[in-house]
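Structure, as structure tokens:
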Amino acid sequence: MAEFGPRLDEALAAEFAASPELRGYVVLLRSDDGFSWQGAAGDAAADSSFRIASVTKMFTAAATQRLVEQGRFGLDDPVARVVDPATVELLAGAGYDPGAITVRQLLTHTSGLVDVTFDPRLDFVGQVFADPQRRWTRREQLELAMQVPPLAAPGEQFTYSDTGYALLGEIVERAAGATLGAAMRELLRFDELGIEHTYLESVDPVPEGQPARLRQWWGDVDTFDWDPSLDLFGGGGLVSTAGDLATFVDALTSGRVFDDAATLETMQAIPATNATAGAAAGLFVRDVAGQQCWGHEGFWGVQVLRCPDIGLTVVSSRSQAAPPPTFTGATLGAVVLEVVGELAESAA
């Protein structure tokens, strides 16, 4: 596997040079057989920290599952039982049934809740561009989401929803009696796993020795100083590094985050409504050259994947509001697929 290192270096440099929209690019590959490679291009360093956006959902979902393990509430408990009474009132007033929506449905995006971030009727993005330093509250974002009616009855269809994960963030905070970031650190065993550079931005303390945070772009707009509260309440909000993300997804998909092996099975269960999207509870499944890989993507071109059958982890951050790489046809992706192929052959 050692011969892949120089080839990955060259491929990353070539892909970055051919992508003028990218200012910084971080990539990590790590396999259980000891192969490890990290590369960076542009403004990035291999240890750069960055906002991970919706990859935060993987952490929020796992923290929720840990609280279920502890008996704080059940996956099929209604939202009305686990959120603040004022939130119950807000949901009911907008036509939702907080007695019918369950924690499990929030986790799997099957609650019928609209997506506050990208539903065009709400123009959240327009409001952010108009005032990028605005300090949002969870309540304000929920109130915005409640301006349009439910998309479907609970459990009826898959609809990706930041709103649902904002509610999960509230549930975790209430049950744990701590900020979401502090609850994650405790529930998800950050200290035990060696996760040192992951924190809830502007809410929890910046870890000692934290690497510089990358500038992340929306086209030609530098969003570095945008207030993190635009994406802070469970659907996003964490700052992390490629190394920390690899450590976490490895531990998560091997079951080391949980007390009960069955919890991982529950987290990876895909409802029938979600089969096309491959959406489980805070995790998505993806086929990479015939390998089943679990992970999540984030808005700033962040991608985390773990392919357990071949022991491979891939993390990337492109620092641009653009989809993460598909690996198909891309210069770097072509080499990654060769790595997958060699590991699959070795595992056969």
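Couple of notes before you dig in:
- Applying Stokes-Einstein at 10 °C and 1.306 mPa s to the Kirkwood radius of the stretch 54-134, computed over alpha-carbon pairs, gives a translational diffusion coefficient of 110 µm² s⁻¹.
- Residue-normalised accessible area of the chain, given per residue in Å² at a 1.4 Å probe: 39
- A dipole drawn for the stretch 111-188 from +1 and -1 charges on Cβ atoms has a positive end, and of LEU180, GLN147, GLY112 the residue lying farthest that way is LEU180.
- With only the Cα atoms considered, the stretch 249-323 has a convex hull volume of 101 Å³ per residue.
- Between the amide H of TYR199 and those of VAL239, distances stay under 5 Å, these residues lying 5 or more places away or on another chain, with hydrogens modeled in the peptide plane.
- Cubic angstrom per residue, convex hull over Cα atoms of the stretch 141-284: 155
- The stretch 2-114: equivalent-ellipsoid semi-axes (sqrt of 5 x gyration tensor eigenvalues, Cα, Å): 43, 18, 11
- With N counted as the residues of the stretch 129-217, its alpha-carbon radius of gyration over 2.2 N^0.38 Å works out to 1.36.
- Share of pairwise Cα separations in the stretch 214-348, more than 23 Å, in percent: 40
- Taken over the stretch 1-40, the convex hull of the Cα atoms encloses 49 Å³ per residue.
- In this label model, GLU3 and ASP220 are separated by 4.5 nm, measuring between points 7 Å along each Cα→Cβ vector.
- In nm, spacing of pseudo-spin labels at ALA347 and ASP43 (7 Å Cα→C-beta vector): 3.6
- The candidates ARG256, ARG138, arranged from most to least accessible area with a 1.4 Å probe in the full protein assembly, appear as ARG256, ARG138.
- Over the stretch 39-190, the reciprocal of the mean inverse Cα-Cα separation, the Kirkwood hydrodynamic radius, stands at 16.4 Å.
- Histogrammed with a bin width of 5 Å, the alpha carbon distances of the stretch 105-147 distribute as 5, 21, 27, 27, 12, 7, 2 percent, first bin at zero.
- Orientation-averaged projected area, Cα convex hull of the stretch 227-275 (nm²): 5.1
- Stokes-Einstein D for the chain, Kirkwood Rh over Cα pairs, 25 °C, 0.890 mPa s (µm²/s): 120
- Residue-wise HN-Hα couplings along the stretch 5-11, as the Karplus relation 6.51 cos²θ - 1.76 cosθ + 1.60 with θ = phi - 60° gives them from phi, are x, x, 5, 5, 4, 5, 5 Hz; Gly and Pro carry x.
- The modelled label-to-label distance for the pair ARG139/ARG256, using points 7 Å beyond Cα in the direction of Cβ, is 4.2 nm.
- Legend: P(r) of the stretch 79-125 from all alpha carbon pair distances, 5 Å bins from 0, whole percents, reading 5, 21, 25, 24, 18, 7, 0.
- Between amide H atoms placed 1.01 Å from N, distances below 5 Å from GLN320 occur with TRP217, GLY301, all of them 5 or more places distant or on a separate chain.
- Within the stretch 66-98, the trypsin sites (Lys or Arg not before Pro) that combine a DSSP coil assignment with at most 16 other C-beta atoms in a 10 angstrom radius are ARG72.
The values are calculated or read from the model by the stated rules, or taken from the named source; none is laboratory data. Because the structure is predicted, anything quoted here is derived from the model rather than measured. Here Cβ is always computed from backbone atoms with ideal geometry, including for glycine, and neighbour counts include all displayed protein chains. Only protein heavy atoms, including side chains, enter the accessible area calculation; ligands, DNA and RNA are left aside. Shrake-Rupley method; radii C 1.70, N 1.55, O 1.52, S 1.80 Å.
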